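J.: Below is the structure I would like to discuss, written out as structure tokens.
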Amino acid sequence: VEAHPMDPQQRILLELAWEALEDARIPPARLEGRPVGVFMGIFLDEYWDLQRYAAPSQVGMHTNTGGTLSIAANRISYFLDLKGPSIAVDTACSSSLTAIHLACRDLQAGTCTAALTGGANLLLTPQTTRGFQEAQMLSPDGHCRA
């Protein structure tokens, strides 16, 4: 019920947070209730717009949380029962890097004992893609070069 109205960026971040814990061999249950921070860079909310404007009759109780950028980090914190800071960061092209910076800062300050950090950015409409292409903000061969 809740998965359909969820922005694919939120789905990707949730999946990758789980995979990060698996790769680190940290059982998620070991972090439950602990001061673990979640810092996620996220930029565009096109999916929310697509749902609200392209299919207004489909808007339901999960549409807002599924499309709101601020929920991207909160969904991970809630799902894993993490009690540290939970911050979604939108600083355009530097969103993921800023999320990492904030995580490092909070780790150093002792605000959290561990942190999950990363980012997602999906271009979901031809209009957005065309705008970024015209501004020469996309790689001509489709590969990211940070």
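The values are calculated or read from the model by the stated rules, or taken from the named source; none is laboratory data. Remember, it's a predicted structure, so these values are computed and weren't measured experimentally. Cβ sites come from the backbone with ideal geometry, for glycine too, and all protein chains shown count toward neighbours. Note: accessible area is taken over every heavy atom of the protein model, side chains too, but ligands, DNA and RNA are not part of it. Shrake-Rupley method; radii C 1.70, N 1.55, O 1.52, S 1.80 Å.
J.: Which condition number does I26 fail, the rest of (1) closer than 30 Å to R130 by Cβ; (2) surrounded by fewer than 21 Cβ atoms within 10 Å (Cβ to Cβ); (3) among the hydrophobic types (A, V, I, L, M, F, W, C) being met?
T.: It fails just one condition, (1).
J.: Kindly indicate whether M61 is farther than 16 Å from A115 by Cβ and among the aliphatic types (A, V, I, L, M).
T.: Numbers: farther than 16 Å from A115 by Cβ: yes; among the aliphatic types (A, V, I, L, M): yes.
Considered against the rule, which asks whether it is farther than 16 Å from A115 by Cβ and among the aliphatic types (A, V, I, L, M), M61 comes out as yes.
J.: Residue by residue through the range 1-23, note down the ones that are of a type in the set (A, V, I, L, M, F, W, C), in contact (Cβ under 8 Å) with a residue 60 or more places away in the chain, closer than 28 Å to T129 by Cβ and open to solvent by 50 Å² or more (accessible area, probe 1.4 Å).
T.: Hits for the range 1-23 are I12, L16.
J.: Only one residue in Q51, Q136, Q108, Q58 is closer than 19 Å to P8 by Cα, open to solvent by 70 Å² or more (accessible area, probe 1.4 Å) and polar (S, T, N, Q), so which one is that?
T.: After ruling out the rest, the residue left standing is Q58.
J.: Residue check, N121 against (1) modelled with pLDDT of 90 or more; (2) more than 14 Å from V38 (Cα to Cα); (3) surrounded by fewer than 15 Cβ atoms within 10 Å (Cβ to Cβ), all met but one. Which one?
T.: For N121, the failing item is (3).
J.: Mind checking which residues of the range 34-67 are of a type in the set (V, I, T) and within 10 Å of the chain's Cα centre (by Cα)? Show your work before the answer.
T.: First, pick out the residues of the range 34-67 that are of a type in the set (V, I, T): 36, 38, 42, 59, 63, 65.
Result: V38, I42.
J.: Does the range 61-72 hold any residues that are under 24 Å from T98 (Cα atoms) and either open to solvent by 70 Å² or more (accessible area, probe 1.4 Å) or of a type outside the set (G, A, S) (or both), and which are they? Spell out how you get there, then give the answer.
T.: Just the residues of the range 61-72 that are under 24 Å from T98 (Cα atoms), to begin with: 65-72.
Passing the criteria: T65, T68, L69, I71.
J.: Restricting attention to the range 10-53, which residues are in a helix (DSSP H, G or I), more than 16 Å from Y78 (Cα to Cα) and at pLDDT 95 or above?
T.: Quick first cut of the range 10-53, residues in a helix (DSSP H, G or I) only: 10-23, 28-31, 46-53.
Still in the list and also more than 16 Å from Y78 (Cα to Cα): 19-20, 22-23, 46-53.
Within the range 10-53, E19, A20, E22, D23 qualify.
J.: Condition test on F43, is it within 18 Å of L13 (Cα to Cα), surrounded by fewer than 17 Cβ atoms within 10 Å (Cβ to Cβ) and among the aromatic types (F, W, Y)? Quick ask: steps written out before the conclusion?
T.: Numbers: within 18 Å of L13 (Cα to Cα): yes; surrounded by fewer than 17 Cβ atoms within 10 Å (Cβ to Cβ): no; among the aromatic types (F, W, Y): yes.
Against the criterion (within 18 Å of L13 (Cα to Cα), surrounded by fewer than 17 Cβ atoms within 10 Å (Cβ to Cβ) and among the aromatic types (F, W, Y)), F43 does not qualify.
J.: Any residue in the range 81-99 that is surrounded by fewer than 18 Cβ atoms within 10 Å (Cβ to Cβ) sitting within a Cβ distance under 8 Å of a residue that is among the basic types (K, R)? List the pairs, counting only those 6 or more apart or interchain.
T.: Going by the 8 Å Cβ cut-off, the qualifying pairs are K83/R34.
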